[in-house]
Amino acid sequence: MSDAPTPFADWLREHASSLTHLDPAAPLDDLEPLRELIGTARVVAVGENSHFIEEFAAMRGRVLRFLVERCGFTVLAFEYGFSEGFALDAWAQGEGTEGDLGELLAGSIPVGVGEPLRWVRQFNRGAERPVRFAGVDIPAAGGSLLPALLPVADHLRAVDPEVLPLIEEAIRIAESFAGPSASAAAPRWERLDASRQDALTALLTRLLVRCRSLAPLHVSRGDRQDHAVAVRRLEVAVHADYTFRAMSDLFAGRGLTADTSAREKSMAESLLWHLEQQGPGARVVLAAHNAHILKSPISFGGHLTGLPMGQHLHEALGDEYFALGLTSAVGHTADMRPDEEAPFGFTVADTPLEAPEPGSIEAEFRAAGIGFGLAGLRAARSLGHLAGPDRTRLQSAYLQVPVLDAFDAVLDTGTSTVAPEAL
């Protein structure tokens, strides 16, 4: 049975902390054990084993409040487009009206960015140091290059008009397959003539190299920060373009080992870019899927498939990166099923969860009798002899991963419920 006692479950029973609230507005005292767990970490990633889950969204809201109000964190980063994030940051700093947020998020996959942003805007009204917002993902969750390329075209119009025909051609090709997500855009990209696919890659590479090489000239004609943002937007676009090819090859059965890591590397580099931009003292709360924040390689069927963002961040930051996975033992999950005709290129299925598999972190929480709690895993990892779980939930399936190495802590919300608006 999945709830049979194990040495790790016994360790959990002794060391995990019980939690009492899911309401983001509830008192925060039950989260105080998290303060000691994160220590001096500069980036705390808060995950979820599935998008579109009410309990995970509520818990991430509480953790955000705790880290900002009690630990002095200064940036909310999100699994949201790097380029699109600048408009959301301006709104979070007080620009525009309350009602503008709906328009800013229109067409974006509803992964839960709205409520944290509203809290940040409210907090910033009286904050001595306002909290910033940062997007770290490729544009439109891999659905379109346009959110990155259109602002770059505006920048080049001012500092390098000679190169406008190149980026305008890249935009024309990108427009031909753009969608609201990778699920929608990937089939359209696949149907492009190979010459158009190759032309887009060549144009993006040439634009990036030119902008890097002509930096002194571009800065003299414009603004240093605008140039830095434009270059980063092009870097992200190049990684997004690479991801289209990698995914196409993967589904065709000719994919290179771990080739889809391009998106993960881009997200890590965008997070580090924002961290550097915010300067000394910046501390980041990063909200993203568990599969992005973990620190160990991802394998399926014994084959290495990806090096996640969290692994790249751990390589760069060491113990200053802290990965907190969110999961649940029971309830329902949101399985995403490809559907080219659906608004975002996929549908969400409200799927009942079966009893946790033996060997999973969820089974260990259940065996320990912890219905809603937080467990720091660094202490267990330091013991050496204690065998930890080898899998964790990924929607209704499981991700095979050494949990003690992949996460620094795991929070089990006890149950999970699919948000009605996702269905």
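Within segment 18-28, one or more residues are open to solvent by 50 Å² or more (accessible area, probe 1.4 Å), under 27 Å from Ala397 (Cα atoms) and of a type in the set (Ser, Thr, Tyr). Condition check for Trp119 on (1) surrounded by 15 or more Cβ atoms within 10 Å (Cβ to Cβ); (2) assigned to a loop (DSSP other than H, G, I, E, B): one failure, at (2). Does Pro180 satisfy the condition of being part of a helix (DSSP H, G or I), surrounded by fewer than 24 Cβ atoms within 10 Å (Cβ to Cβ) and either in contact with a Cys (Cβ under 9 Å, 6 or more places away or on another chain) or not β-branched (Val, Ile, Thr) (or both)? So Pro180 fails the test.
Suppose we filter segment 226-252 for residues that are open to solvent by less than 70 Å² (accessible area, probe 1.4 Å) and either in contact with a His (Cβ under 6 Å, 6 or more places away or on another chain) or over 16 Å from Val209 (Cα atoms) (or both); how many remain?
From segment 226-252, those open to solvent by less than 70 Å² (accessible area, probe 1.4 Å) are 227-241, 243-249, 252; that's our starting set.
From what's left, either in contact with a His (Cβ under 6 Å, 6 or more places away or on another chain) or over 16 Å from Val209 (Cα atoms) (or both): 227, 230, 240, 243-249, 252.
Summing the residues that are open to solvent by less than 70 Å² (accessible area, probe 1.4 Å) and either in contact with a His (Cβ under 6 Å, 6 or more places away or on another chain) or over 16 Å from Val209 (Cα atoms) (or both) in segment 226-252 gives 11.
Only residues that are more than 26 Å from Asp339 (Cβ to Cβ) and of a type in the set (Ser, Thr, Tyr) were counted in segment 170-215, giving 4.
Of everything in segment 396-408, what is surrounded by 20 or more Cβ atoms within 10 Å (Cβ to Cβ) and either within 19 Å of the chain's Cα centre (by Cα) or aromatic (Phe, Trp, Tyr) (or both)? Give them in sequence order.
Within segment 396-408, Leu399, Val401, Val403, Ala406, Phe407, Asp408 meet the criteria.
Scanning segment 330-368 for residues that are within 17 Å of His289 (Cα to Cα) and aliphatic (A, V, I, L, M) yields Ala334, Met336, Val348, Ile361.
Which count do you get for residues in segment 197-224 that are of a type in the set (Lys, Arg) and surrounded by 15 or more Cβ atoms within 10 Å (Cβ to Cβ)? If you could, list the steps in order and put the result at the bottom.
Kept after step one, since they are of a type in the set (Lys, Arg), are these residues of segment 197-224: 206, 210, 212, 221, 224.
Next, from what is left, pick out any that are surrounded by 15 or more Cβ atoms within 10 Å (Cβ to Cβ): 210.
Counting residues in segment 197-224 that are of a type in the set (Lys, Arg) and surrounded by 15 or more Cβ atoms within 10 Å (Cβ to Cβ) gives 1.
Could you check how many residues of segment 63-77 are touching a residue at least 40 places away in the same chain (Cβ under 8 Å) and either surrounded by fewer than 22 Cβ atoms within 10 Å (Cβ to Cβ) or more than 23 Å from Tyr321 (Cβ to Cβ) (or both)?
Going through segment 63-77, the residues touching a residue at least 40 places away in the same chain (Cβ under 8 Å) turn out to be 63-65, 67-77.
Then drop every residue that is not either surrounded by fewer than 22 Cβ atoms within 10 Å (Cβ to Cβ) or more than 23 Å from Tyr321 (Cβ to Cβ) (or both), which leaves 65, 68-72, 74.
Selection size over segment 63-77: 7.
What do you reckon, is Ala141 part of a helix (DSSP H, G or I), in contact (Cβ under 8 Å) with a residue 24 or more places away in the chain and open to solvent by 40 Å² or more (accessible area, probe 1.4 Å)?
Values: part of a helix (DSSP H, G or I): yes; in contact (Cβ under 8 Å) with a residue 24 or more places away in the chain: yes; open to solvent by 40 Å² or more (accessible area, probe 1.4 Å): no.
Considered against the rule, which asks whether it is part of a helix (DSSP H, G or I), in contact (Cβ under 8 Å) with a residue 24 or more places away in the chain and open to solvent by 40 Å² or more (accessible area, probe 1.4 Å), Ala141 comes out as no.
Which ranges mark the helices (runs of 4 or more DSSP H) fully within segment 219-296 that have 3 or more residues being of a type in the set (Gly, Ala, Ser) and at negative phi? Give the steps one after another, and end with the answer.
Details: elements: 224-251, 261-278, 290-293.
Because the criterion is at least 3 residues that are of a type in the set (Gly, Ala, Ser) and at negative phi, the helices (runs of 4 or more DSSP H) in segment 219-296 that meet it are 224-251, 261-278.
Return the pair list, or none, for Cβ contacts closer than 6 Å from residues in segment 11-36 that are farther than 20 Å from Pro116 by Cβ and at pLDDT 95 or above to residues that are in a helix (DSSP H, G or I) and among the charged types (D, E, K, R), at least 6 apart or on different chains. Within 6 Å, the pairs are Leu12/Glu364; Thr20/Asp30.
Tally up the residues in segment 81-97 that are in contact (Cβ under 8 Å) with a residue 12 or more places away in the chain and more than 19 Å from Ala230 (Cβ to Cβ), please. Let's see the steps before the verdict.
Start the filter on segment 81-97 by keeping residues that are in contact (Cβ under 8 Å) with a residue 12 or more places away in the chain, which leaves 81-89, 91-94.
If we keep only those that are more than 19 Å from Ala230 (Cβ to Cβ) too, we end up with 91-94.
Qualifying residue count, segment 81-97: 4.
Take the conditions touching a Ser or Thr at 6+ places or on another chain (Cβ under 8 Å) and under 27 Å from Pro343 (Cβ atoms) and apply them to Pro151. Does it pass? If you could, list the steps in order and put the result at the bottom.
On the way: touching a Ser or Thr at 6+ places or on another chain (Cβ under 8 Å): yes; under 27 Å from Pro343 (Cβ atoms): yes.
Here the answer is yes, as Pro151 does meet what is asked.
The values are calculated or read from the model by the stated rules, or taken from the named source; none is laboratory data. Small disclaimer: the values here were computed from a predicted structure and weren't measured. Ideal geometry is used to build each Cβ from the backbone, glycine not excepted, and the neighbour counts take in all protein chains shown. The accessibility values were calculated without ligands, DNA or RNA, using every heavy atom of the protein model including side chains. Shrake-Rupley method; radii C 1.70, N 1.55, O 1.52, S 1.80 Å.
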